[in-house]
1. Apply the Karplus curve 6.51 cos²θ - 1.76 cosθ + 1.60, θ = phi - 60°, to the phi angles in region 38-49 and return the couplings in whole Hz, x for Gly and Pro.
2. Of Leu56, Leu48, which has the most accessible area and how do the rest follow, probe 1.4 Å?
3. Mind checking the full-extension length gain between Phe68 and Ala28? Use 0.36 nm per residue of separation minus the Cα-Cα distance, one decimal, nm.
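The values are calculated or read from the model by the stated rules, or taken from the named source; none is laboratory data. Bear in mind the structure is a predicted one, so any value in this text is a computation, not a measurement. Note: areas computed on protein heavy atoms with side chains; ligands, DNA, RNA excluded. Shrake-Rupley method; radii C 1.70, N 1.55, O 1.52, S 1.80 Å.
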Amino acid sequence: MRSLLAACNHVVIRATLGLFCFKGVEEAVNREVMRETISEIQSRNRDLDADEIEKLIDEEVGDARKAFWSTPRR
C-alpha cells in the first residue's frame, strides 16, 4: 500500500512540476509577444505627434469605458 501511495505522490509531483515548467514557458512566450507588439506599434506611430497620440488614446479609452460601464453587473 505504501509503495502505491509513494508512486501516486511521485506522479502528482511530476505532473505539478510539468505544469510549472509549462506555465513558465507560456509566460516567456507571452512576454516576447508583448515586446514584439509594442515594438511594432512604436515603429508604426513614430512619426505621429504626441498630442495626436494622446487624443487617439483618450478616444479609445473613452469608447472602452462606455462599453464596460453600459453592461449590467451583478
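1. 3J(HN,Hα) across region 38-49, in whole Hz: 4, 4, 5, 5, 4, 5, 5, 9, 4, 8, 7, 6.
2. Working: Leu56 85, Leu48 55 Å².
Reading off the accessible areas and sorting them downward yields Leu56, Leu48.
3. Values: separation 40, 0.36 × 40 = 14.40 nm, distance 2.96 nm.
Full extension from Phe68 to Ala28 adds 11.4 nm.
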